[in-house]
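Okay, structure first, notes after.
Readers should treat all values here as calculations from the given coordinates under stated rules, not as data from a laboratory. Model, not experiment: these values are computed from the prediction. Positions of Cβ are backbone-derived with ideal geometry, glycine not excepted, and every protein chain shown enters the neighbour counts.
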Amino acid sequence: MNLKVNAITNRPSLKLPKRYSLKTYKCLRLSRQKNVRISEHRLEKVITSGYNFIGVTKKSKLELTWIGKENRPRLEPRILLEDPAKSYHAKQRVTDNDLFDNRLILGDNLLALKALEQEFTGKIKCIFIDPPYNTGSAFEHYDDGVEHSVWLSLMRDRLEQLRQLLTNDGSIWVTIDDNEVHYLKVLCDEVFGRSNFVIHNTVKRSAPTGHKSINPTPVQVADYLLVYAKDRSRWNYKPQYTKRDFDTAYNKFIDDYEKGPAGWKITTLNAALKERRISLDECLSKFPERIIRFAQPNFDGVGKETKDLILVSRKTPGQIFIQKRDDHADIYLLKGDRILFYRDKLRMIDGSLVTGELLTNVWLDIPYQGIANEGNVVFPKGKKPEKLLQRIVDIATEPGDWVLDSFAGSGTTGAVAHKLGRRWIMVEMGDHCDTHIAPRLKSVIDGLDQAGVSKAVGWKGGGGFRYYRLAPSLLEKDKWGQWVISKEFNSTMLAEAACKLEGFTYAPSETLYWQHGHSTERDFIYVTTQQLSADQLAQLSEEVGTERTLLVLCAAFRASKSSNERYPNLTVKKIPKQVLSRCEWGHDDYSLKVENLPKAPPAPPKMDKRGQQSLFDAEEGN
Ligand SMILES: C[S@@+](CC[C@H](N)C(=O)[O-])C[C@H]1O[C@@H](n2cnc3c(N)ncnc32)[C@H](O)[C@@H]1O
């Protein structure tokens, strides 16, 4: 919603449009004419100030509401600090495609996702998340019981951050159980758009045995997997198959296959097995093209050519007729019935040719039992089978694509992505980032982890990852309660953090001390804790020259009111003043806890006469 600046006023002289619509309000008729656009916020003010117009109606929108929905955290874009001692790489290359730039991040995922925003917006092909289900039961490694509204707020904030990171053809997969699945669906509709909903899969995660069988309801054995595309029209689905038992409808066998259709003799499959003294499995692997069944074609549903051939075939019972087709399998007919070949049902699944059927949205074939040892880490209740992640990664990505999991748990997503040749980012705030994920991924990299999907994909090891933690907040309060730059920041960290805050790419020049980053080829940033004198500014301005511009962020500067006019290529600002109002400072924990309910938004900043935030005025001495 745009705003024409001259219309930002509540004075009676305000000109409002005769008819216009806004996100939540539809203004049908206004007492004055002239078309101007006005922000929703301003419109509300106008309405409440009693401005005289008729027929403003609230446009209703289907949405989920909850306590605190309107409050949003104003996240500080932290920098990520690599801990080289915890990063890990294979001793040698195993293939030419080994991937080393994977990232494991320790910390709260909301801040971590914000930290990734600058580099990864629009770059992640597949996101899988397995957030705490909000079941109220305390898991060993994290607090899973969170008040419903808090859970919704915090999920919303994370989903919004995640959405930004997706490529336009990317997708997000969220696993959940029936405590929150319906709320999550509505929430995801709101964040991703209902038209981008792809599918709601049901995954059987356990059997109705043990203590669960005494439940006063049918036994809950399902997890759900909600899938959204960033843009459904750009999302490509590669059809998937699941392994199924032999289809007993295929009970006929072609003898003398080598002679071609004119010489085929049809016998029963049982007779063929007996005669050849082979098992069904052997027969399937040796003669899949000879195992057949008959099916009545849907006469009304086929084309004219096929119809004609069916009629001829019915009248000529001893002969096999073939309709050759370019883009589909040829049609074989005998006595008007279609011959279906078992070979067409075979698919390569996990390295073997097996009977396959198209994947549905009910996933019963992924064993959750026996996964305790996957990755050689014990992670009761939360751990997901590698096979589940393999299916998701297979569907949603190609080798080399980025896969992200911001609730990493024991690191299943990264382990599988790594074995499948995808790049990965995982975020985990618990200690198990060090005790579970890092050792698991090291073992994958060393080729020692042969559990999970390793054998199916022939995993031999290779690649690596970098280990990061979130930098502390850039600003902290000193003993007088004033915001100052955190003592933990050295000059390199400060330059990187300031670049991020100002939207510059951090890329320090090796030759020019004042180039810490750039926003364009000609626009640079210089960050210093020094106090800059008028002479220093003059020298900087000369070095920058007329073809370039420089944003200077410094602790303080001495310059007359007209310094910006004197150095038109420089914009000089003080930190922390320049950044103070940008976001919440010193807030380290946005995890799923009631006390982390986002704070109400601050009052909008005061505008000066030109409609700018007066805080950012550059023409100011120290
Ligand atoms: C259900 S587990 C994920 C299990 C994982 N899919 C696996 O296969 O091992 C959820 C994880 O999310 C982590 N988590 C919860 N809130 C988080 C937050 N705000 N930031 C980062 N991690 C968080 C928990 O510590 C827990 O390890």
Relative contact order (percent, whole number), the stretch 252-349, Cα cutoff 8 Å, 6+ residue spacing: 26
Prolate/oblate/rounded call for the stretch 488-567, Cα gyration tensor, a/c under 1.5 rounded: oblate
Restraint check, Lys91/Lys383; Lys243/Lys274; Lys384/Lys419; Lys185/Lys387; Lys114/Lys500, Cα-Cα greater than 19 Å: Lys91/Lys383; Lys243/Lys274; Lys185/Lys387
Coarse-grained scattering of the stretch 171-294 at q = 0.09, 0.13, 0.19, 0.21 Å⁻¹, given as base-10 log I(q)/I(0) from a Debye sum over alpha-carbon atoms: -0.56, -0.76, -0.98, -1.12
For the stretch 479-522 and the stretch 300-318, distance of Cα centres in Å: 77
Peptide ranges 330-337, 343-350 listed from the most packed, as the mean C-beta count within 10 angstrom indicates: 330-337, 343-350
Separation of the Ser206 and Asn376 label points, Cα + 7 Å toward Cβ, nm: 2.8
Tensor-based shape of the stretch 247-307 (alpha-carbon gyration tensor, a/c under 1.5 rounded, otherwise prolate or oblate): prolate
Highest average packing first - 61-67, 99-105, Cβ atoms within 10 Å: 99-105, 61-67
Amide H contacts under 5 Å for Ser87, placed H, 5+ residues apart: Tyr467
Amide H contacts under 5 Å for Asp449, placed H, 5+ residues apart: Val444
Under 13 Å, Cβ to Cβ, from Asp169 - net charge with Lys/Arg +1 and Asp/Glu -1: +3
Among 489-498, 398-407, the order from most to least packed when residues are scored by Cβ within 10 Å on average: 398-407, 489-498
Note, ³J(HN,Hα) from phi for the stretch 87-95, Karplus 6.51, -1.76, 1.60, rounded to Hz, x at Gly and Pro: 6, 8, 9, 5, 5, 9, 6, 9, 9
Using a Förster distance of 51 Å, the FRET efficiency for Leu311-Glu119 (Cβ separation, nearest 0.05): 0.20
Rg(Cα) / (2.2 N^0.38 Å) computed for the stretch 252-349, rounded to two decimals: 1.15
Nearest-0.05 FRET efficiency for Gln319 and Leu364, computed from C-beta distance (R0 51 Å): 0.75
Placed amide H near Asn102: partners under 5 Å, 5+ positions off or other chain: Trp424, Gly464, Arg466
Virtual paramagnetic centre 7 Å along Cα→Cβ of Asp350, amide N under 20 Å, in the stretch 372-391: 372-377, 383-391
